[in-house]
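**Student:** One structure coming up, written as structure tokens, with questions to follow.
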Amino acid sequence: MPLVTYEETRSWAGKMAAAVEMKMMPPWFADPRYGHFSNDPSLSEEEIATIAAWAKAGAPAGDARDAPAPRKWGEGWNIPQPDLVVKMPKPVRIPARGEVEYTYEIVATHFALDKWAQMAEVRPSSAAHVHHAVVYIRPPDSPWLRHAPVGEPFTASMLSDPEERRQAHETTSDLLLVYAPGSAPDRWADGMAKFVPAGSDLVFQMHYTTNGEAASDETSVGLVFAKSAPKQRVITLQLNNHALLIPPEAEDFRVEVEGTLPNDAILLSLFPHMHLRGKRFEYDIVHDDGRVETLLRVNYHFHWQLSYKLAKPRELKAGTRLRAVAWYDNSRNNPHNPDPEKTVTWGDQTSQEMMVGFFDVAVPAGMDKRRYFIRHGEVGGKK
Ligand code: HEM
């Protein structure tokens with residue numbers, strides 16, 4: 001449904017007016033009472049009224065002489081021409097029907113020196129089948145998936161070691177970036193970047209969904225490196241609650257998790273993740289006096305998993321208590337609910353649930369994820 005030229009757009013006028021008046025479009029799910037986000041595409045009341053008035057007037061073309069020049073779309077990447085493109089070396093075959101287990105492909109970077117990625121963009125070759133892609137950075141000293149094949153697709157159930165099968169979905173490796181349809185590439189501010197140590201591998205974790213047509217996919221990630229060594233390193237952290245247990249038919253089931261930041265950090269963005277029963281997700285700071293400050297509340301929609309980038313990055317001191325709260329709708333009123341009679345627990349497939357509050361923070365460039373979790377004066381990471 002391209003809305004690029006007048007001819008293409010005209011017949012959609014009524015639906016466009018309805019979609020923008022109901023605030024269904026452009027897609028944005030943050031409750032406007034909390035936080036300000038630099039990627040908020042919401043239209044102003046005036047813009048909404050303009051579209052509505054145009055539709056009501058019969059979608060007139062206006063004067064052709066006032067029309068803007070046809071828009072030129074960039075070829076290829078949305079980020080500037082990448083310094084490096086890392087592509088999954090072997091295509092993954094996706095069947096026409098059925099559920100596909102998460103598929104992994106490990107690609108060696110062969111970096112002789114440490115690198116800093118300031119921008120990164122994921123490009124699937126078969127976007128219609130990619131439900132999500134997560135690209136992890138596996139440093140050379142990481143034991144994660146060490147017995148798994150490199151350079152070819154595999155799934156957790158193909159691994160012979162049961163411990164590695166379990167580990168496939170759980171890692172402390174940092175994320176390079178996460179992709180879902182509609183998501184924007186990552187571009188970190190000058191002086192901030194993701195660290196890719198020399199000798200790292202990139203691990204692609206692909207979730208494919210079938211749509212009646214078989215296909216194959218070879219996803220790539222494009223990287224633009226920082227021109228000089230950054231002062232800050234961006235790391236992705238998460239607040240998870242694996243112990244969720246959602247009773248059958250529960251309409252508004254609440255699950256929370258809290259964590260205390262071990263060191264200072266600058267909060268950059270928030271990315272809630274749940275599955276089909278996800279209803280609302282919230283990130284809060286719980287202040288010492290008990291006051292709760294909500295940073296973001298999302299009316300969650302599984303098909304629209306967005307990153308919410310803070311308009312003004314927020315400095316958080318060591319000791320800050322961060323809380324994530326998720327609400328689930330396991331009732332039959334939820335049109336996406338695959339089975340309201342089921343007790344739902346944690347799992348990969350969309351018929352199971354997750355509760356993950358990802359958040360990106362900037363920390364001093366010399367800090368890694370492990371060191372970030374060592375609390376002051378407590379060598380060895382003891383609490
Ligand atoms: C002011 C900007 C926009 C307008 C006027 C608009 C308009 C619309 C309309 C009229 C529909 C069809 C609704 C129906 O069938 O009843 C729609 C659906 C859709 N739009 Fe937009 N849209 C806008 C922005 C966007 C953006 C920025 C994206 C992607 C990031 C997007 C992605 C979609 C998708 C995926 C659907 C299908 C949704 C579904 O079937 O659930 N739209 N939009």
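**Student:** What is the residue count in region 1-19 for residues that are of a type in the set (Ser, Thr, Tyr) and at pLDDT 95 or above?
**Tutor:** 2
**Student:** Right, another one. Among the residues that make up region 129-146, is at least one of them without any contact (Cβ under 8 Å) to a residue 60 or more places away in the chain, buried (at least 18 other Cβ atoms within 10 Å of the Cβ) and of a type in the set (A, V, I, L, M)?
**Tutor:** Looking for residues that are without any contact (Cβ under 8 Å) to a residue 60 or more places away in the chain, buried (at least 18 other Cβ atoms within 10 Å of the Cβ) and of a type in the set (A, V, I, L, M), one finds at least one in region 129-146, hence yes.
**Student:** Also: How many of the residues making up region 276-290 are of a type in the set (Asp, Glu) and in a strand (DSSP E or B)?
**Tutor:** Residues in region 276-290 being of a type in the set (Asp, Glu) and in a strand (DSSP E or B): 2 in total.
**Student:** I've got another one for you. If you check Glu249 against the conditions, is it assigned to a strand (DSSP E or B) and acidic (Asp, Glu)?
**Tutor:** Answer is no for this residue.
**Student:** List every residue pair whose Cβ atoms lie under 8 Å apart, where the two residues are 6 or more positions apart in sequence or sit on different chains, the first residue falls within region 5-20 and is of a type outside the set (A, V, I, L, M), and the second residue, located anywhere, is more than 8 Å from the ligand (Cβ to nearest atom) and not in a helix (DSSP H, G or I).
**Tutor:** Thr5/Pro70; Tyr6/Ala61; Tyr6/Ala67; Glu8/Pro2; Thr9/Ala59; Arg10/Ala59; Arg10/Ala61
**Student:** Out of the residues in region 167-178 that are free of Cβ contacts under 8 Å to residues at least 60 places away in the same chain and open to solvent by 30 Å² or more (accessible area, probe 1.4 Å), state the one that is farthest from Arg371 (Cα to Cα).
**Tutor:** Gln167
**Student:** I want to confirm something. Restricting to region 182-193 and keeping residues that are out of contact with any Pro (no Cβ under 9 Å at 6 or more places or on another chain) and within 16 Å of the ligand (Cβ to nearest atom), which single residue is least open to solvent (accessible area, probe 1.4 Å)?
**Tutor:** Here the residue is Pro185.
**Student:** Using the structure shown, decide if Met158 is in contact with a Pro (Cβ under 9 Å, 6 or more places away or on another chain) and modelled with pLDDT of 95 or more.
**Tutor:** No: the conditions fail for Met158.
**Student:** Take the residues in region 335-364 that are small (Gly, Ala, Ser) and open to solvent by less than 30 Å² (accessible area, probe 1.4 Å); name whichever of them is farthest from Pro185 (Cα to Cα).
**Tutor:** Applying the filter and picking the extreme gives Gly347.
The values are calculated or read from the model by the stated rules, or taken from the named source; none is laboratory data. What you see is a predicted model; the values in this text were computed from it and never measured. Because the Cβ atoms are built from the backbone with ideal geometry, glycine has one as well, and the counts that use them run over all protein chains shown. Heads up: the accessible areas ignore ligands, DNA and RNA and are worked out on the full protein's heavy atoms, side chains in. Shrake-Rupley method; radii C 1.70, N 1.55, O 1.52, S 1.80 Å.
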